[in-house]
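Here is the structure we will look at.
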Amino acid sequence: MDNTVYENYTQAGVIAADARDYGVSLLKPGVRLLDVATRLETRIKGKGAGLAFPVNIAVNTLAAHYSPRHDDMLVFKQGDVVKLDVGAHIDGYIADTAITVEIGTHSYKTLITASSKALEKAIEVLKAGTSLSDLGAVVQETITGYGFKPIDNLMGHGLGRFELHSGLSVPNVKGIGINMKPKEGDVLAIEPFATNGMGHVISGAGSNIYLCNQSLKTKLIRDSKTKLLFEKMTAQFGTLPFAERWYHELFPTSGDLALKKLSFLGVAKQYPQLFEAKNGIVTQKEHTVIVKENGCEVIT
């Protein structure tokens with residue numbers, strides 16, 4: 001990894017971590033999810049970074065993939081267990097980080113500790129050549145040691161330039177990725193999820209998070225206005241996920257119909273919300289790391 005790329009990653013890491021920690025200070029009963037997401041995204045851009053993805057806010061049994069709509073009226077409540085997941089990029093080099101906060105109560109303190117300690121242990125063992133199955137085993141053993149379950153079908157991921165999920169997947173259980181071994185210079189987002197439920201997530205309704213899918217399916221767009229709108233979306237958002245509210249800001253008069261049509265055609269993929277299969281409470285902790293010969297460097 002050359003110096004410029006390294007500096008871009010580390011700068012993105014500082015900005016993402018700042019937004020994450022600022023977000024923690026905003027999580028209070030009665031505060032709108034939309035206001036938190038908007039303020040964090042404004043802060044990231046104000047510090048000179050791009051948005052690697054919309055701010056994700058997952059509450060209680062929702063494990064991942066929710067970002068508020070432009071007209072979202074949902075508010076945080078006392079006792080909510082909130083996963084706050086943020087990402088920034090500098091020239092396409094991404095840092096991704098997340099934290100869990102229980103608002104005003106301490107009922108799930110041990111569950112929050114379980115995912116946090118699992119991340120610490122994973123970071124301790126990761127180095128170039130480490131089997132990712134072994135890493136998953138460490139996460140699983142740590143979480144089960146607290147009496148909870150890791151989520152078996154949620155994983156961390158490699159990070160590439162303008163690629164949020166690239167190459168390697170980082171499991172949270174053993175037996176996955178036996179032959180996957182990161183090399184020096186690889187950048188990974190490690191994100192253990194712990195739950196008091198089943199340890200598995202299922203798909204729910206749409207998340208308000210989309211991705212432009214440049215494929216042969218674009219030929220299915222027959223309407224010239226819709227095709228032009230998709231071309232503008234692709235130019236604006238590129239290969240990174242975007243929020244419904246960003247779309248609304250870019251096309252305030254188009255409404256949801258065109259976006260729904262593009263989603264139906266498969267050229268604008270909407271991520272589903274991911275819920276714990278047995279309605280367990282879910283916690284998450286995430287850092288981005290650069291893999292070194294004898295360890296790894298946390299940049300968030």
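The values are calculated or read from the model by the stated rules, or taken from the named source; none is laboratory data. As the structure is a computational prediction, the values presented were derived from the model and not from experiment. Because the Cβ atoms are built from the backbone with ideal geometry, glycine has one as well, and the counts that use them run over all protein chains shown.
General remarks:
- A single member of His157, His89 is in a strand (DSSP E or B) and more than 24 Å from Ala277 (Cα to Cα), and it is His89.
- Flag for Ala16 being more than 16 Å from the chain's Cα centre (by Cα), assigned by TED's automatic domain parsing to the domain that holds Pro150, surrounded by 24 or more Cβ atoms within 10 Å (Cβ to Cβ) and among the hydrophobic types (A, V, I, L, M, F, W, C): no
- Reported count of residues in the range 239-255, each being outside any helix (DSSP H, G or I) and loosely packed, with under 14 Cβ neighbours inside 10 Å, is 3.
- Residues that are in the same structural domain as Met198 (by TED's automatic domain parsing), more than 21 Å from the chain's Cα centre (by Cα) and without any contact (Cβ under 8 Å) to a residue 12 or more places away in the chain are absent from the range 77-94 altogether.
- Candidate set from the range 189-220 (those that are over 27 Å from Ala52 (Cβ atoms) and touching a residue at least 24 places away in the same chain (Cβ under 8 Å)); member that is surrounded by the fewest Cβ atoms within 10 Å (Cβ to Cβ): Leu220
- Residue within the range 103-122 that is closer than 27 Å to Glu163 by Cα and part of a loop (DSSP other than H, G, I, E, B) present: no
- Look at the range 226-249: where a residue is without any contact (Cβ under 8 Å) to a residue 12 or more places away in the chain and a partner is outside any helix (DSSP H, G or I) and surrounded by fewer than 20 Cβ atoms within 10 Å (Cβ to Cβ), sitting 6+ places away or on another chain with Cβ atoms under 7 Å, you get Lys227/Ile221.
- All of (1) part of a helix (DSSP H, G or I); (2) over 21 Å from the mean Cα position of the chain (by Cα) hold for Gly129 with one exception: (1).
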